[in-house]
Amino acid sequence: MSSPCDPQYAPLGDVGAALMMVDSRLKSIYDNKVEPDAVEEALTEQFVASLGPSGADDVLDGACTLIYMFMQWLRMAYEDHGKDVIEYVVPNLVATMRLMPRSVRPEAIPTMAGLLVAAGMGQSPGLWRKQYGYWTNDEMNPLEATAFLLAEHINRLTEDRDFATRMITEALTRADDL
């Protein structure tokens with residue numbers, strides 16, 4: 001019997017837009033631009049506003065798809081070394097989010113940890129979250145931070161700053177070829 005949180009029931013969403021946002025953050029951090037760029041922030045806000053409600057939902061679903069894909073890659077990588085992805089990734093990301101109080105409010109951290117655990121167990125993080133109601137505004141930055149931190153974790157493991165982005169881009173390209 002399948003779970004209502006099975007990824008086969010989850011909308012894919014706008015993975016490209018979600019990946020663009022994560023990749024932009026990665027590049028900013030790698031270029032030591034820790035303060036938000038006002039122009040980039042304005043363009044991002046303009047882009048999100050142009051999406052409308054259904055487009056914003058698509059980006060949310062896309063971010064959840066990224067989290068799922070990143071956690072599945074990490075699960076396989078850790079299992080290859082006899083380790084559990086939940087044991088090694090979730091506490092690390094939770095500890096990092098606790099150090100980011102301006103971006104991740106403390107009350108959002110348990111939800112983000114739940115998303116990670118759901119994805120690590122092969123469940124759709126988006127469907128897992130939606131069973132508790134609609135996303136709140138206070139969860140938007142933490143969701144983006146979660147996807148970003150997973151991508152950065154993968155890049156660190158592979159010692160390749162573009163690995164996570166390239167992995168998703170190649171998966172999307174392969175899906176288009178089907």
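The values are calculated or read from the model by the stated rules, or taken from the named source; none is laboratory data. These numbers come from a predicted model, not from an experiment. For neighbour counting, all protein chains shown are included, and Cβ atoms are generated from backbone atoms with ideal geometry for every residue, glycine included. Just the protein is used for accessible areas: all its heavy atoms, side chains included, with ligands, DNA and RNA removed. Shrake-Rupley method; radii C 1.70, N 1.55, O 1.52, S 1.80 Å.
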Is it the case that SER28 is at negative phi, surrounded by fewer than 19 Cβ atoms within 10 Å (Cβ to Cβ), assigned to a helix (DSSP H, G or I) and among the hydroxyl-bearing types (Ser, Thr, Tyr)?
yes
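Within the group VAL89, VAL117, which residue is in contact with a His (Cβ under 8 Å, 6 or more places away or on another chain), at pLDDT 95 or above and more than 21 Å from MET20 (Cα to Cα)? Working first, answer last.
Values: VAL117 fails: in contact with a His (Cβ under 8 Å, 6 or more places away or on another chain).
Within the list VAL89, VAL117, the selection yields VAL89.
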Yes/no for ALA77 being open to solvent by 40 Å² or more (accessible area, probe 1.4 Å) and among the small types (Gly, Ala, Ser):
no
Among the residues of segment 138-173, write down those that are surrounded by fewer than 16 Cβ atoms within 10 Å (Cβ to Cβ) and either within 10 Å of the chain's Cα centre (by Cα) or of a type in the set (Gly, Ala, Ser) (or both).
ALA171
For SER50, only one of the following conditions fails: (1) open to solvent by 70 Å² or more (accessible area, probe 1.4 Å); (2) more than 22 Å from GLU139 (Cβ to Cβ); (3) of a type in the set (Ser, Thr, Tyr). What is its number?
(2)
Sole miss for ASP176 among (1) surrounded by 11 or more Cβ atoms within 10 Å (Cβ to Cβ); (2) free of Cβ contacts under 8 Å to residues at least 60 places away in the same chain is condition (1)
